[in-house]
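These notes are about the structure you will find just below.
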Amino acid sequence: MPPQIDDLSFAFEALKQFRKYSYSLYHERFIFPFLCGSYFTYRRIDVERIASIAKSVSNDPSYLDIGCGYGDFLEKVRQYLPKAEGMEKSVEMFFKLGRYKPDYIKIGDAYNEIEKKYDVIFVGWMEPGVDYRDKIAEKTEVIITTLDQGLSLAAEFDGFGYERVASWVTPSWEDINTEITNKYYSKLSDEIIKSLSKLRGAHNLWYVYAKPKYKESIKRTLKSCLACEYKKENKGYDFENVLDEVGYRYLENVNIDDKRHLLWDIAFYD
């Protein structure tokens, strides 16, 4: 769960102390995701997939990121979709710590304040117990979600006139946080750290939903993305090295809920 606004000052002080002994500049985005990163783990390929989906829907796509926070992920998306916008419910998160709020992030409640239609809406966070799928469904043809399993509910849009097109699995920030902490900031032996890594199970589920007329074009687009990824034609962000170091590489074979998954591999639906 994101910290309450009153906790922000305390968290920021903890971050400043952490920076005094941190082993890597990039560790803080996973240990302090609310301040320095996002509540889901991503690579450049996730951004490129989403941008490609949007461009398959429109030559000049409109895009809204609901629950965008400070805009860490949205900022990356805007490198491909310059007109992409965000919506964040809490204005305090900007002003409490003196953060600049860019014009492309609107402060508002997605339940009542999505004022226009978008080609693609991305739902990166939905508070547990909150369900505004009907409001989102009124405002777009394509929905992409990335939600922690068991935390954020109402992630499925199958019953709202959409079809599930594709999905993929990525590690959650919680597991990255644990692996980093155990490996770099604890006195645990390598043997214990290795045994603990077998217990990891938190993960993010990315879903792509679309109205039927866009389903096949999005499939073709994502298959093209996969082909490029297999050829390693894309360069990742610098912080992706942290994911590799703690055992969450691209197409890493992991066990989740007694099932084997290839991280970032795409499953397609008929």
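Just a few scattered comments:
- A residue that is under 29 Å from residue 186 (Cβ atoms) and either of a type in the set (Ser, Thr, Tyr) or surrounded by fewer than 16 Cβ atoms within 10 Å (Cβ to Cβ) (or both) occurs nowhere in the range 49-64.
- Condition met for residue 55 (more than 20 Å from residue 82 (Cβ to Cβ) and either in a helix (DSSP H, G or I) or not aliphatic (A, V, I, L, M) (or both)): no
- Any hit, the range 18-28, residues being modelled with pLDDT under 90, assigned to a helix (DSSP H, G or I) and buried (at least 18 other Cβ atoms within 10 Å of the Cβ): no
- Taken over the range 139-150, the criterion of being farther than 11 Å from residue 110 by Cβ and at pLDDT 90 or above is satisfied by 140, 141, 142, 143, 144, 145.
- Top-ranked residue of the range 156-169 - restricted to ones that are at pLDDT 90 or above and surrounded by fewer than 21 Cβ atoms within 10 Å (Cβ to Cβ), ranked as nearest to residue 37 (Cα to Cα): 169
- Residue that is exposed (fewer than 15 other Cβ atoms within 10 Å of the Cβ), farther than 25 Å from residue 142 by Cα, of a type outside the set (Val, Ile, Thr) and in contact (Cβ under 8 Å) with a residue 12 or more places away in the chain, where the choices are 236, 247: 236
- Against the conditions (1) modelled with pLDDT of 95 or more; (2) under 28 Å from residue 12 (Cβ atoms), residue 82 satisfies every one except (2).
- Within the range 33-47, the set of residues being modelled with pLDDT of 90 or more and out of contact with any Ser or Thr (no Cβ under 6 Å at 6 or more places or on another chain) comprises 42, 43, 44, 45, 46, 47.
- Candidates are the residues of the range 227-247 that are among the charged types (D, E, K, R) and part of a helix (DSSP H, G or I); the one that is farthest from residue 46 (Cα to Cα) is 245.
- In the range 211-270, the residue that is farthest from residue 48 (Cα to Cα) out of those that are within 17 Å of the chain's Cα centre (by Cα) and hydroxyl-bearing (Ser, Thr, Tyr) is 248.
- If you filter the range 67-118 down to residues that are assigned to a strand (DSSP E or B) and not hydroxyl-bearing (Ser, Thr, Tyr), you find that the one that is surrounded by the most Cβ atoms within 10 Å (Cβ to Cβ) is 86.
The values are calculated or read from the model by the stated rules, or taken from the named source; none is laboratory data. This one's a predicted model, so the numbers in the text were calculated from it and none came from an experiment. Quick reminder, even Gly has a Cβ in these numbers, built from the backbone with ideal geometry, and neighbours come from all protein chains shown.
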